[in-house]
Amino acid sequence: MGDVVMTVPVVYSLAMQYPHVRITMLSREFARPLFENMPPNVGFMSADLKHEYYGMKGLNALYRRLTAKNFTAIADFHSVLRSDYLRMRFNIDRYKVAHIDKHRSGRRQLVSTDSKKLVQQPTSFQNYLDVLERLGYPVKPDFKSIFPSEGGDLSLLPEIFREKKSGDLWIGIAPFAAHEGKIYPPRLMEQVITKVIARYPHCRLFLFGGGDNEKAVFKEWCGKYPECVSASEQLGGFGNELILMSHLDLMISMDSANMHLASIVGTTVVSIWGATHPFAGFMGWGQSIDNAVQIDLPCRPCSIYGNKPCMRGDYSCMKNISPEQIVERVEIALHKVAVQHNA
């Protein structure tokens, strides 16, 4: 999901700077809410790759559906086997096509065990912009949020989320990710929660994550701490989660999709990095590396996506981050947010 979310600022900027160009974003149905607040020249087209467009036969059917749209240019922001195949078909039929450069050589050096080079790689946003430039559409990124400056419409949410009074402090916490190398241990995150509550007694903490294991942890935390609300369980979809995120004062997140979701609604994120590293190019849109909590280890990063087993076997990159480090960064970030709001 994170890769799709990161296309939003680029597609939005393209649409605003080329209002005469009709843009169709092709993705899975889950991504539709990301593009519902786009400029009017952006449309969304969903493709069910598990059923309707499954396998080679399905991809050929999808290609026929796409060519019926008479596109003048094709931007492949994904460059995986399925999009590679579609791109090949478009190239054979002499469409104007460009695809993303994932800079694999530089990323390999980032995670190398014997010749590691900690060098900032081009961000995903820059990689998408490069694709558009090769197609003849240079874009200057200009994006703050998918919502107006006042945020999404809270009246669309359940009653518990509808009212944020002046002076209220709303903090989101997204403590899980797809891979263990990107998850801060729940026992330590609970210490973060207790310290944040002690520092900000009138805060509300909204928990984001929808897996069964996550729900069980959230249920335990909500039982212990009245300030906690299991947001994902009550909101019924990340379209509503985006609305709530747009009203948060701060999000605490792993290197995960929730970091990117909060970023595209203009919310400051304190992000926690273990096996992965911001230098791989996946920092959230508009986020400061100063708000990235991480520790230096000779083996970090060991993985671009966090999906490799820990070579040490102990995930020290996460377990050795103290709750105090995170809370300290939260305090600094919240102070900056308050200064910006009062400016």
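Worth a mention:
- For the range 149-222, the share of alpha carbon pairs falling in successive 10 Å distance bins from zero is 15, 44, 32, 9 percent.
- Here, the range 116-244 is characterised by an Rg to Rh ratio of 1.06, where Rg is the alpha-carbon radius of gyration and Rh the Kirkwood radius.
- Spin-label pair Ala68/Asp130, simplified geometry with 7 Å Cα→Cβ offset, distance in nm: 3.6
- Förster radius 22 Å - calculated FRET efficiency between Ser322 and Asp290 (Cβ-Cβ, nearest 0.05): 0.80
- For the chain, the longest principal axis of the C-alpha atoms and the axis of helix 186-199 are separated by about 60°.
- Cα-based Rg of the range 6-144 normalised by 2.2 N^0.38 Å, two decimals: 1.14
- Rounded to whole numbers, the Karplus 3J(HN,Hα) couplings from phi for the range 168-176 are 5, 10, 10, 10, x, 9, 10, x, 10 Hz, using 6.51 cos²θ - 1.76 cosθ + 1.60 with θ = phi - 60°, and x at Gly and Pro.
- Averaged over residues, the count of other Cβ atoms within 10 Å places the peptides 19-31, 242-254 in the sequence 242-254, 19-31, highest first.
- Nearest-ten-degree value, helix 323-342 long axis tilted from longest Cα axis of the chain: 70
- Amide H partners (placed H, <5 Å) of Ser230, local residues excluded: Leu207
- Neighbours of Tyr225 by Cβ distance under 12 Å: Lys/Arg scored +1, Asp/Glu scored -1, total +1.
- C-alpha long axis of helix 212-224 to longest principal axis of the chain, angle in °: 30
- Cα-projected label distance for Val80 with Thr123, points at 7 Å along beta-carbon direction, nm: 2.3
Readers should treat all values here as calculations from the given coordinates under stated rules, not as data from a laboratory. Just so it is clear, the structure is predicted and the values come from calculations on it, not from any experiment. We place every Cβ from the backbone using ideal geometry, glycine too, and count neighbours over all the protein chains shown.
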